[in-house]
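One structure below.
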Amino acid sequence: MFAAWRVSHFAWRALRLEDGSAQLVALLGGPLQQARSHATVHEVCPQALRAGVLPGMSMAEAQMRLPKLHWLNRDEAAEAVLQQRLFALADEFSPLVESTAPGVLLLDLRARHWGDERSWQERAQQMRQRMTAVMGFEIEVGMAETPVLALLAARFAQGVLVLSSQREQLQAFLHEIPLQLLIGDAMVLERLHSWGLLRLGQIASLPRQQWVRRMGQQGMALYELAQGGGMRLLELVVQQQRHFRRVELPLALETLPQLMQHLQPVLQALVQQVALLWLLAGAVRLVLHLANKGCRTWCWNLAEPTLSLRVIERLIEAGLQGVRTDAALLGFELELLPVARSDRQQDWLLQQSAAPAGLARVLSALEALLGNGRVGRATSDECARPGEVSVQNFMLSQAPRVSVHAGLRHGDEGLPLQRLRPRERVELQWGRQGTPVAMLRRRRLLKLRDCAGPWELSGLWWDDRQAWRLQCWDLCLEEGWLCQVGGDGEQWWLEGIYG
Amino acid sequence: MKVLEQLRSELSERFPQATQVQWRRESGDKVFWAWPKGGLRELVAAPGFGASLLLQRWLKLGQGIKALLDAADGFDPDSCDAELLPELLWLRCNAAAQAMRAADVLMREGCVPVLAMDFRLCEPRELRAIPSSSWHRLRLLASRSGVSVLVCSPFAWLPCVESRWQLGDAALALSELQQGRAGMLEQKLMPALRVA
């Protein structure tokens with residue numbers, strides 16, 4: 001048996017507005033300023049719904065029906081918190097829970113043997129009462145043999161609805177479901193209505209093959225639903241348990257050995273905690289709380305996930321080596337971020353090494369020393385600006401992606417470029433032919449022997465916030481070296497030096 | 001030709017040191033591409049004279065895991081040799097001192113047999129601030145762990161190298177950006193490579 005929980009007016013409930021509030025509220029999906037012209041109603045309070053304001057209406061339509069309507073933006077963060085609270089409650093009834101949609105959860109209860117249909121009815125009532133006691137509002141609970149039927153039961157429940165496993169009763173329920181509640185595409189719905197099909201039951205009586213030929217995949221799903229729906233796997237939500245300790249020190253500390261002494265027992269306890277779950281430590285997070293009320297945070301990845309105290313201690317020591325703080329330490333927070341055992345071990349680099357354990361230790365220490373994302377294989381995005389690269393961490397095993405910028409690619413020809421990060425501001429002097437003749441760099445005027453370009457580059461033009469354009473020139477200086485400058489036509493930067 | 005050989009032999013008798021250098025110049029390419037285990041070598045070249053190409057070829061021909069310690073974060077993957085890139089461990093540093101510490105960590109275990117350190121874009125005063133004892137320590141670590149190290153620097157600077165190579169002015173032109181790398185190495189860069 002599966003149970004579906006559905007919270008009606010979920011976005012409105014997430015804002016914690018009172019049920020009995022006289023205020024008529026409608027929620028908008030986007031920012032209020034933009035919404036005035038384009039946005040539609042995302043959700044309304046029960047009173048506004050009764051007054052005829054429906055989700056999907058434009059603001060003007062809604063205000064025509066209810067001039068006193070109060071407009072609010074939906075709060076996605078608050079919705080996530082409410083969903084998490086629902087999930088915590090669902091966990092009391094089953095460890096196998098799917099977060100199907102905002103305000104909708106699906107519980108796998110097949111391992112529960114609660115007897116006949118009446119017992120399931122009682123259990124569903126218990127769930128609803130528990131929810132009312134904890135959350136302060138009521139939910140709809142649907143139960144059925146398959147996930148899809150349970151969701152449908154919750155959709156049409158007036159409190160609680162347990163669908164019988166008897167075929168006749170099930171068909172009777174399904175046949176009465178209006179198609180407009182199942183089909184979102186207005187054109188498809190209109191076509192079905194023109195054929196005289198208004199309810200799900202009418203589809204069940206049609207010849208399957210011809211129906212699927214006409215309606216395609218969506219039609220097949222509808223047909224299967226009309227026949228009682230099929231089984232599907234749930235996308236289970238796994239509750240993350242944090243392996244975390246916060247320690248307040250009895251005395252202020254000033255040196256690394258003192259800190260390591262205090263860290264050791266905490267680390268040991270956390271490692272044991274992770275080991276109990278058959279997991280490995282994949283990363284370490286450390287926060288130091290200072291006497292001047294400041295704090296400093298580090299997060300180090302382990303190249304090879306481990307439970308070895310010695311390896312983790314060495315990683316922390318390498319990361320804190322040479323670190324100076326403005327004030328003495330008053331406390332710290334230590335967290336181990338666990339990974340599954342089979343998750344990260346087959347790595348491209350570790351496979352090549354004769355001593356992978358030693359290499360993993362070295363890579364972890366190097367990342368602690370140089371910073372996250374600064375040790376590994378180079379990758380870049382095809383749409384990114386030239387020179388914008390990232391380092392693929394040793395934890396991942398996919399092949400690297402390297403961008404190809406037309407006109408600038410010298411993978412097998414020409415000279416490699418040495419990028420200046422950050423690039424250096426220069427000024428170009430232009431000749432009569434519209435080509436650069438000299439470059440002013442660090443107050444030195446460098447005459448050019450030759451130039452090539454401009455190479456016009458652009459990327460992400462479909463995204464206003466990230467779009468970029470760049471004009472590049474390859475320059476040969478009289479001093480005998482080659483370089484690349486880039487700019488927007490007015491301001492210029494030395495991007496790199498060839499060779 | 002006989003006259004030339006006679007002159008050479010006479011010169012070698014009178015100036016043995018000079019002729020030794022000459023011999024090394026002639027067979028320079030072979031010596032440069034060799035990997036003495038646990039050796040520390042320096043390639044001196046200012047930015048813009050083609051040392052990146054030599055460095056990448058040197059790394060490509062190495063056996064095992066190859067690491068590039070990029071002291072000034074100047075490596076450009078887009079223009080790197082396509083065969084080298086997937087097997088290159090790139091270590092991005094912000095300063096020369098940080099690169100020295102990273103090299104120390106890397107060489108202590110000896111699990112990366114081929115290491116190139118690129119200091120060419122670093123400021124000279126930053127390089128001079130590194131104590132020479134650090135280099136002696138690195139050389140000792142390299143010889144113990146058997147790591148082949150090539151240090152690329154903008155001026156002759158390392159106090160304790162086994163061999164130092166100087167890449168002279170190869171007189172590069174823009175047309176060379178369209179040429180094949182193998183040809184450029186043979187025709188332009190290797191002739192400009194000298195034992196310092």
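The values are calculated or read from the model by the stated rules, or taken from the named source; none is laboratory data. Predicted, not measured: the structure shown is a model, and the values here were computed from it. Every residue, glycine as well, gets a Cβ built from its backbone with ideal geometry; the counts of neighbours run over all protein chains shown.
Before moving on, here are some points about what is shown:
- In segment B:64-92, the residues that are at positive phi form Cβ pairs under 6 Å with partners that are crowded, with 22+ Cβ neighbours inside 10 Å, at six or more places apart or across chains, as follows: B:Asp73/B:Arg92.
- Top-ranked residue in segment B:40-51 [being over 9 Å from the mean Cα position of the chain (by Cα) and facing another protein chain (nearest Cβ under 7 Å); ranked as modelled with the highest pLDDT]: B:Gly50
- A single member of B:Leu54, B:Leu59, B:Leu106 is facing chain A (nearest Cβ under 8 Å), touching a strand residue (DSSP E or B) at 6+ places or on another chain (Cβ under 8 Å), among the hydrophobic types (A, V, I, L, M, F, W, C) and in a helix (DSSP H, G or I), and it is B:Leu106.
- B:Arg120 vs. criteria more than 14 Å from every other protein chain (Cβ to nearest Cβ) and either basic (Lys, Arg) or part of a loop (DSSP other than H, G, I, E, B) (or both): no
- For segment A:290-316, the set of residues classified as in a strand (DSSP E or B) and among the basic types (Lys, Arg) consists of A:Arg296 only.
- In segment A:137-176, the residues that are modelled with pLDDT of 85 or more, loosely packed, with under 15 Cβ neighbours inside 10 Å and among the basic types (Lys, Arg): none
- One residue stands out among those in segment A:377-391 that are at pLDDT 80 or above and at the interface with chain B (Cβ under 7 Å from one of its Cβ atoms): the one that is surrounded by the fewest Cβ atoms within 10 Å (Cβ to Cβ), which is A:Val391.
- Verdict on B:Glu162 being within 17 Å of the chain's Cα centre (by Cα) and without any contact (Cβ under 8 Å) to a residue 12 or more places away in the chain: no
- Of all residues in segment A:115-153, those satisfying the criterion of being part of a loop (DSSP other than H, G, I, E, B), touching a residue at least 40 places away in the same chain (Cβ under 8 Å) and of a type outside the set (Val, Ile, Thr) are A:Phe137, A:Glu145.
- Qualifying positions in segment B:72-87 - within 7 Å of chain A (Cβ to nearest Cβ), buried (at least 18 other Cβ atoms within 10 Å of the Cβ) and aliphatic (A, V, I, L, M): B:Leu85
- Some residue of segment B:153-164 being within 14 Å of another protein chain (Cβ to nearest Cβ) and either surrounded by 15 or more Cβ atoms within 10 Å (Cβ to Cβ) or of a type in the set (D, E, K, R) (or both): yes
- Within segment A:179-206, being loosely packed, with under 12 Cβ neighbours inside 10 Å and under 13 Å from A:Gln227 (Cβ atoms) holds for one residue alone: A:Ser205.
Residues are listed down the side, and each one gets a yes or a no for (1) exposed (fewer than 11 other Cβ atoms within 10 Å of the Cβ); (2) at positive phi; (3) among the aliphatic types (A, V, I, L, M); (4) assigned to a strand (DSSP E or B):
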{"site": "A:Gly219", "(1), (2), (3), (4)": "no, no, no, no"}
{"site": "A:Gly228", "(1), (2), (3), (4)": "no, yes, no, no"}
{"site": "A:Gln258", "(1), (2), (3), (4)": "no, no, no, no"}
{"site": "A:Leu263", "(1), (2), (3), (4)": "no, no, yes, no"}
{"site": "A:Leu267", "(1), (2), (3), (4)": "no, no, yes, no"}
{"site": "A:Arg285", "(1), (2), (3), (4)": "no, no, no, yes"}
{"site": "A:Leu288", "(1), (2), (3), (4)": "no, no, yes, yes"}
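- For segment A:443-499, residues that are of a type in the set (Asp, Glu), touching a residue at least 12 places away in the same chain (Cβ under 8 Å) and in a loop (DSSP other than H, G, I, E, B) total 3.
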